1. Pick from F150, F83: which is within 17 Å of G206 (Cα to Cα) and aromatic (F, W, Y)?
2. Yes or no: region 98-116 includes at least one residue that is surrounded by 14 or more Cβ atoms within 10 Å (Cβ to Cβ), farther than 21 Å from K242 by Cα and of a type outside the set (S, T, Y).
3. Quick check on region 205-222. Is at least one of its residues modelled with pLDDT of 95 or more, closer than 26 Å to L86 by Cβ and aromatic (F, W, Y)?
4. Using the structure shown, decide if L237 is part of a helix (DSSP H, G or I), modelled with pLDDT of 95 or more and of a type in the set (A, V, I, L, M).
5. Can you name the condition, by its number, that V179 falls short on among (1) of a type in the set (A, V, I, L, M); (2) within 16 Å of the chain's Cα centre (by Cα); (3) farther than 22 Å from E236 by Cα?
6. When you look at G135, is it under 22 Å from K242 (Cβ atoms) and out of contact with any His (no Cβ under 9 Å at 6 or more places or on another chain), yes or no?
7. Mind checking which residues of region 192-228 are crowded, with 22+ Cβ neighbours inside 10 Å, small (G, A, S), out of contact with any Cys (no Cβ under 9 Å at 6 or more places or on another chain) and outside any helix (DSSP H, G or I)?
Amino acid sequence: MNLQIFQVDAFTSKPFGGNPAAVVPLTQWLPDETMLKIAAENNLSETAFFVKEGDVYHIRWFTPAIEVNLCGHATLASAYVIFNCLKLEESFIKFHSDRSGELGVAKDGDLMILDFPSYPMNEVELSNELAQAIGKLPLRIWESQGNMVFLMMESESDIRALEPDQASLVKIDFDEVIVTAPGDDADFVSRMFAPRIGIPEDPVTGAIHCSLIPYWAEQLSKDKLFARQVSKRGGELFCELKGDRVRIGGHATLYLEGEIYV
């Protein structure tokens, strides 16, 4: 079987920035084991697969190790492929995930805007193991949907300087460890580490902003925010809190188009 495959750098307007995602359009679902093997072979933080049924694109996301509940950058990459490579839609795409519900992507010029759920965060007590693994004592700590933990740091320089102990993070009970702080030239910044699910550090993570946007919107008393994920590759996110939903805007650029044989 021959399948189309695309690799798109998401949340950036230039190649070699943002977060690379693989996108595999399907006419019918492959066995889960096959999709996981494809994701492992790609060795990117996520590979997205979608099947169109009527006017809805059913979408799933796989890391090299597991299927995940929600992925922002691979959804943005999928929308780029549908809009610009396959040319199946002009201005709006309806996605559906059995794990995270109804999702959407609107096209506004060369910006694509994700319509995602908003997830609350609950403050929790810090464990010594987590503080030691991340390498710095946070100001506050919360947990959120998807087995995520969020750590508030004092400054962007604190975030950039972190060098977590990956072996220790694997032993932490949370799948994703996110650090955030006020930004120098952005409303807020973040980084995300998830070695338990095969991602030592994710370059840009749309899904964590389902929790970060409501928090920072309240803290800064405004609904529209500009965020940066300050990984080595880096990425830009144009954010908005819209009731019980969040809007996450970003650019994307095509890096690779080809065929795989399974």
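The values are calculated or read from the model by the stated rules, or taken from the named source; none is laboratory data. Since the model is a prediction, treat every value here as computed from it, not as a measurement. Backbone-built Cβ (ideal geometry, glycine too); neighbour counts: all protein chains shown.
1. Numbers: F83 fails: within 17 Å of G206 (Cα to Cα).
Only one candidate qualifies: F150.
2. Narrowing region 98-116 to residues surrounded by 14 or more Cβ atoms within 10 Å (Cβ to Cβ): 100, 103-107, 112-116.
So of that shortlist, the ones also farther than 21 Å from K242 by Cα come out as none.
Scanning region 98-116, I find no residue that is surrounded by 14 or more Cβ atoms within 10 Å (Cβ to Cβ), farther than 21 Å from K242 by Cα and of a type outside the set (S, T, Y), so the answer is no.
3. Among the residues of region 205-222, not one is modelled with pLDDT of 95 or more, closer than 26 Å to L86 by Cβ and aromatic (F, W, Y), which makes the answer no.
4. Numbers: part of a helix (DSSP H, G or I): no; modelled with pLDDT of 95 or more: yes; of a type in the set (A, V, I, L, M): yes.
Spelling it out, it is not the case that L237 is part of a helix (DSSP H, G or I), modelled with pLDDT of 95 or more and of a type in the set (A, V, I, L, M).
5. It fails just one condition, (3).
6. Numbers: under 22 Å from K242 (Cβ atoms): no; out of contact with any His (no Cβ under 9 Å at 6 or more places or on another chain): yes.
So G135 does not fit the description; no.
7. Matches in region 192-228: A194 only.
Yes/no matrix, rows are residues, columns are (1) aliphatic (A, V, I, L, M); (2) free of Cβ contacts under 8 Å to residues at least 60 places away in the same chain:
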residue: F11; (1), (2): no, no
residue: G18; (1), (2): no, no
residue: T27; (1), (2): no, yes
residue: L44; (1), (2): yes, yes
residue: F50; (1), (2): no, yes
residue: A65; (1), (2): yes, no
residue: G72; (1), (2): no, no
